[in-house]
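I have placed the structure first, in the form of structure tokens, so that the comments after it can refer back to it.
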Amino acid sequence: MKRFVKNISDANGYSKDQQEQIEYTVIMLSFEIIKLVSIILIFSMFGYFKESILVIAVMSMTKPFIGGYHEYTQIRCFIASLLITAGVIELSLNSKLSFISNCILIFISLFCMWNTAPVINKKMPITRPQIIKKNRILGISITTVFAVISILLYKYSYFYEIITWTILFQAILMFNKRET
């Protein structure tokens, strides 16, 4: 991996700092891809391929913009993601939400996001106000699109519950763990 990044950096005349940033990005993307594929494969073995894809899609499209809970090792992140996905799937399959209940959970989640997003990770802080504002708008907008999809799917598919529970988990996880 390092050799690959070094070759790209040398070919493009990147500085040592730029090379290190590229290397970090490639490593993190690789870990994320491995984590997501592993979660999908695990849930596919139990017959929940579509459900796991939907949970991961909603989380992947909202979390980068709203922020929230982060683990500091890849293994802990994998386990947390696995447990969150399992929780969302279990709740969506075993608790039938009424239309009103679904809407209430969505509105509470959006309210939390409206008042909290984006949550800045202390290990990777965003400091520029325009980026913070952009992430806030993107995060809330993308979540609102998923919320509307959930409401529209209510009569047609149980996938509405997966979307709703995922949005709720994302909102809950915006309230970071206590620092010790």
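The values are calculated or read from the model by the stated rules, or taken from the named source; none is laboratory data. On a predicted model such as this, the values are computed, not experimentally measured, just so you know. Methodologically, a virtual Cβ is constructed for each residue, glycine included, from the backbone with ideal geometry; neighbour enumeration extends over all protein chains shown.
Some points to look at:
- Of all residues in segment 28-57, those that are of a type in the set (D, E) and over 15 Å from T73 (Cα atoms) total 1.
- Any chance P118 is at pLDDT below 85 and exposed (fewer than 12 other Cβ atoms within 10 Å of the Cβ): no
- Filtering E90, E71 for residues that are under 27 Å from V37 (Cα atoms), modelled with pLDDT of 85 or more and of a type in the set (D, E) leaves a single hit, E90.
- Residue match in segment 27-40 (condition: of a type in the set (S, T, N, Q), under 25 Å from S60 (Cβ atoms), surrounded by 10 or more Cβ atoms within 10 Å (Cβ to Cβ) and at pLDDT 80 or above): yes
- Residues satisfying the stated conditions in segment 121-164, i.e. among the polar types (S, T, N, Q), more than 16 Å from the chain's Cα centre (by Cα) and at pLDDT 80 or above: S150, S157
- Residue list for segment 102-114, restricted to those being exposed (fewer than 13 other Cβ atoms within 10 Å of the Cβ) and under 30 Å from G47 (Cβ atoms): none
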